[in-house]
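The values are calculated or read from the model by the stated rules, or taken from the named source; none is laboratory data. Because the structure is a prediction, the values reported are computed rather than measured. FYI the Cβ positions are ideal-geometry reconstructions off the backbone, even for glycines, and counts take in every protein chain you see.
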Amino acid sequence: MSGRGGAGRTTFLGMPATAPPGVGNLRGTEPFPAAARRALGDAQLRRNLRHATGTIRAKSAAVIDEVPDWPQLRAAGRAIKADTMARLPELLEQLEAAVTAAGGTVHWATDAVEANRIVTELVQATGADRVMKVKSMATQEIGLNEALEAAGIEPVETDLAELIVQLGDDRPSHILVPAIHRNRAEIREIFLRAMPGVDPALTDEPAVLAAAARRHLRETFLATRVAVSGANFAVAETGTLAVVESEGNGRMCLTLPETLITVMGIEKVIPRWADLGVFLQLLPRASTGERMNPYTSLWTGVTPGDGPQQVHLVLLDNGRSAVLADEVGRQALHCIRCSACLNVCPVYERTGGHAYGSVYPGPIGAVLSPQLTGVADNASLPYASSLCGACYDACPVMIDIPSILVHLRAQAPHPRTEAAAMAAAAYTMDHPALYAAAQRAAGLGRLAGRALPPPLNGWTASRDMPAAPPQTFRQWWAEHRSGS
Amino acid sequence: MTGREVVLARLRAALAGAPPAVPEPGPAPRDRGDRPPGHPDLLDRLAGRLTDYRAEVHRVAGAGVAEAVAGILAAAGARTVVVPAGLPAQWRPGAVEVLVDDGLPATRLARLDAVVTAAAVAVAETGTIILDAGADQGRRAISLLPDLHVCVVHPEQVVAGVPEALARLTPDRPLTWISGPSATSDIELNRVEGVHGPRRLHVVLTDG
Ligand code: SF4
């Protein structure tokens with residue numbers, strides 16, 4: 001893959017390029033095994049994760065069970081995404097034309113640095129010194145908050161989990177629920193410590209904590225003139241953007257300010273209006289385990305007299321062109337960020353999201369982050385998996401994550417790590433029975449899907465079996481624990 | 001090269017080697033023998049799913065809307081109510097202070113107790129009410145800031161599933177899909193009702 005290295009930058013300006021280092025949150029500060037080892041030592045973290053992912057798996061299975069054509073919906077989702085990637089340049093041009101015709105302004109950002117500059121300048125042009133944000137993976141990826149703060153602009157996260165992370169001076173650990181590693185008692189502590197004017201009699205009842213967040217953010221919603229959002233989908237044929245959410249903070253940010261700036265990875269475009277019918281059925285059931293999330297907002301440019309009158313869309317590459325260039329790895333761009341693969345992953349459940357370093361944790365992070373940065377910069381992530389196949393079975397758009405992991409392992413130089421860290425972590429990894437089961441299954445040609453509980457097991461029937469991995473997680477671990 | 005030219009050139013280069021194979025999507029993902037809009041089964045399903053997600057459903061005869069709306073507002077103790085300009089006059093509650101929205105500032109809307117709107121489409125399978133900012137629904141802000149939302153739905157607006165709803169909607173209007181009151185799953189992944197949007201959603205479902 002080209003595009004890495006300073007010397008090539010000018011020559012290869014129009015060639016696929018990975019995300020630049022030194023900006024944003026795609027690279028961890030230490031390799032996965034070292035970070036995982038520390039996480040494995042945190043019993044509270046593991047309890048929180050086990051409880052949360054168990055809850056969501058059960059809810060999701062129940063509502064997926066209600067949909068008789070779920071396999072066909074998944075196949076349709078995969079086909080639409082493959083078609084999108086095959087026509088990505090044309091669809092983006094079509095999207096740009098439609099958004100522009102509806103009164104919006106489209107900006108193109110080659111990487112995180114460009115995107116941060118574009119957004120900062122747009123905010124500065126309004127004269128505002130504060131923006132409110134509705135959760136967006138893309139803006140976390142590029143480190144927008146840090147860039148805004150450096151320019152003297154205060155970003156306020158309005159999603160409850162993001163608020164918990166921001167007030168706790170913490171990092172997100174899950175795509176959907178960034179504070180999944182915190183339980184209610186810890187959240188209460190954070191609110192008592194960092195939320196101005198909070199009621200000192202605050203209890204740890206989830207409803208009470210949610211009400212505290214409502215009071216805390218009300219004034220922000222009413223008084224902030226600029227909002228920054230992400231987008232779950234963008235319809236090329238109509239120029240329509242979609243935000244799927246639960247709390248109503250998205251509606252506030254999309255409706256009340258004068259200026260709305262949406263930052264979106266280029267892979268989020270979908271061809272047709274009718275395609276929303278597939279994804280709006282797949283996403284909530286796979287994601288929060290609901291038939292439909294409480295709120296979905298769709299908007300097309302500017303509506304006179306209703307909502308923001310200045311509407312911007314920033315289209316972000318930041319390594320995606322490099323992912324698209326990889327014939328095996330490009331499926332990672334199909335991801336609709338539902339987080340189902342995290343919730344079923346035995347490695348994620350034990351290590352949590354922080355161990356992955358990048359804002360994209362779990363199985364999708366293990367295949368997306370190394371491709372966005374170039375494998376050398378995230379070399380241990382392709383090994384952060386037991387290849388049990390649960391992620392593939394759970395994925396609503398049928399991304400074959402195990403095959404991409406195997407493909408990336410072939411490119412990844414085995415990272416050097418400290419023997420002691422490996423030994424300690426491997427000991428813990430060795431004990432949960434699920435690991436052993438998953439690894440045995442992997443050795444048998446990855447039939448692990450059969451061992452999953454219904455309805456996950458039904459999904460494995462027709463999937464392609466990737467070639468046996470050259471090296472399993474445990475073999476790799478065993479080799480490296482000795483410091484070789 | 002501009003950013004636009006660079007990104008597009010990169011993507012074309014990325015696809016030049018081997019464009020992705022596009023799998024056949026298979027049979028159209030939907031032939032469930034679903035009922036036509038307004039079918040009694042769909043109304044029952046909508047009511048059930050709304051209730052499941054903690055919305056309150058009131059099923060009334062077409063002529064009983066005003067009485068139902070007034071009853072909901074009274075029971076909630078709502079004294080100030082905003083309505084969109086195009087709301088049918090006979091639905092307007094009498095015993096409370098009614099403001100017809102003419103671009104009220106957000107700070108004013110936030111101090112009102114309730115909003116009464118119509119809907120554009122409802123989805124039975126998912127328990128979803130869809131507003132399209134039509135004259136009887138109003139600007140998005142009016143159904144967002146008051147804490148109680150009363151929404152009147154007619155049978156012919158109720159379709160089976162999401163694809164049928166999209167076919168009836170047009171992208172040139174801002175759309176708000178509402179499935180129950182504001183909620184969060186951010187604390188231990190348990191659903192809790194009541195964050196930033198209206199904490200109470202009452203749906204008045206008529207029989208014609
Ligand atoms: S890879 Fe699939 S399962 Fe994982 S977050 Fe993306 S869409 Fe969901």
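One line per residue, one yes/no per condition, for (1) of a type in the set (S, T, N, Q); (2) farther than 17 Å from B:D207 by Cβ; (3) within 19 Å of the chain's Cα centre (by Cα):
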position: B:V6; (1), (2), (3): no, yes, no
position: B:A13; (1), (2), (3): no, yes, no
position: B:A21; (1), (2), (3): no, yes, no
position: B:V57; (1), (2), (3): no, no, yes
position: B:A74; (1), (2), (3): no, yes, no
position: B:T80; (1), (2), (3): yes, yes, no
position: B:V83; (1), (2), (3): no, yes, yes
position: B:P93; (1), (2), (3): no, yes, no
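Failed condition for A:N378, given (1) within 9 Å of the ligand (Cβ to nearest atom); (2) surrounded by 24 or more Cβ atoms within 10 Å (Cβ to Cβ), with all others met?
(1)
For region B:1-99, give me every one of the helices (runs of 4 or more DSSP H) that falls completely inside it and has 1 or more residues that are within 14 Å of chain A (Cβ to nearest Cβ) and not aliphatic (A, V, I, L, M).
Passing ranges, in order: B:3-16, B:40-52.
If a residue has to be at pLDDT below 95 and crowded, with 24+ Cβ neighbours inside 10 Å to count, how many in region A:137-147 make the cut?
Matching residues across region A:137-147 total 1.
Looking at (1) out of contact with any Phe, Trp or Tyr (no Cβ under 9 Å at 6 or more places or on another chain); (2) more than 9 Å from the ligand (Cβ to nearest atom); (3) not aliphatic (A, V, I, L, M), which one does A:S369 not meet, given that it meets all the others?
(1)
Which numbered condition in (1) within 10 Å of the ligand (Cβ to nearest atom); (2) within 14 Å of chain B (Cβ to nearest Cβ); (3) not in a helix (DSSP H, G or I) is the only one that A:Q331 fails?
(3)
Across region A:265-314, which residue is nearest to B:V162 (Cα to Cα) among those that are in contact with a Phe, Trp or Tyr (Cβ under 7 Å, 6 or more places away or on another chain) and more than 7 Å from chain B (Cβ to nearest Cβ)?
The residue in question is A:F279.
Would you check which residues across region A:334-343 are within 18 Å of A:A52 (Cβ to Cβ) and away from every other protein chain (no Cβ under 14 Å) and list them? Quick ask: steps written out before the conclusion?
Here is the first cut: in region A:334-343, the ones within 18 Å of A:A52 (Cβ to Cβ) are A:337-343.
Listed by number, the residues that qualify are A:R337, A:C341.
Tell me, which residue of region A:392-406 that is within 10 Å of the ligand (Cβ to nearest atom) and more than 14 Å from chain B (Cβ to nearest Cβ) is nearest to A:P363 (Cα to Cα)?
Among residues in region A:392-406 that are within 10 Å of the ligand (Cβ to nearest atom) and more than 14 Å from chain B (Cβ to nearest Cβ), the one nearest to A:P363 (Cα to Cα) is A:I401.
Would you check if A:S246 is in contact (Cβ under 8 Å) with a residue 40 or more places away in the chain, touching a helix residue (DSSP H, G or I) at 6+ places or on another chain (Cβ under 6 Å) and either closer than 27 Å to A:P16 by Cβ or at the interface with chain B (Cβ under 9 Å from one of its Cβ atoms) (or both)?
no
Could you please give the count of residues in region B:108-156 that are over 25 Å from B:D44 (Cβ atoms) and either part of a loop (DSSP other than H, G, I, E, B) or free of Cβ contacts under 8 Å to residues at least 40 places away in the same chain (or both)?
Qualifying residue count for the region: 17.
Got a number for residues in region A:336-366 being among the small types (G, A, S), assigned to a helix (DSSP H, G or I) and within 12 Å of the ligand (Cβ to nearest atom)?
Of the residues in region A:336-366, 4 are among the small types (G, A, S), assigned to a helix (DSSP H, G or I) and within 12 Å of the ligand (Cβ to nearest atom).
Just checking, which of A:N116, A:N145 is under 22 Å from the mean Cα position of the chain (by Cα), within 14 Å of chain B (Cβ to nearest Cβ), part of a helix (DSSP H, G or I) and closer than 28 Å to A:A179 by Cβ?
Result: A:N116 is the single residue among A:N116, A:N145 that is under 22 Å from the mean Cα position of the chain (by Cα), within 14 Å of chain B (Cβ to nearest Cβ), part of a helix (DSSP H, G or I) and closer than 28 Å to A:A179 by Cβ.
Going by what's in this entry, would B:G77 be described as at pLDDT 95 or above, over 24 Å from B:I142 (Cα atoms) and surrounded by fewer than 15 Cβ atoms within 10 Å (Cβ to Cβ)? Step through it out loud before you land on a result.
On the way: at pLDDT 95 or above: yes; over 24 Å from B:I142 (Cα atoms): no; surrounded by fewer than 15 Cβ atoms within 10 Å (Cβ to Cβ): yes.
Answer is no for this residue.
Quick one: which strands (runs of 3 or more DSSP E) lie wholly within region A:233-316 and hold at least 3 residues that are β-branched (V, I, T)?
Strands (runs of 3 or more DSSP E) meeting the threshold: A:240-245, A:259-265.
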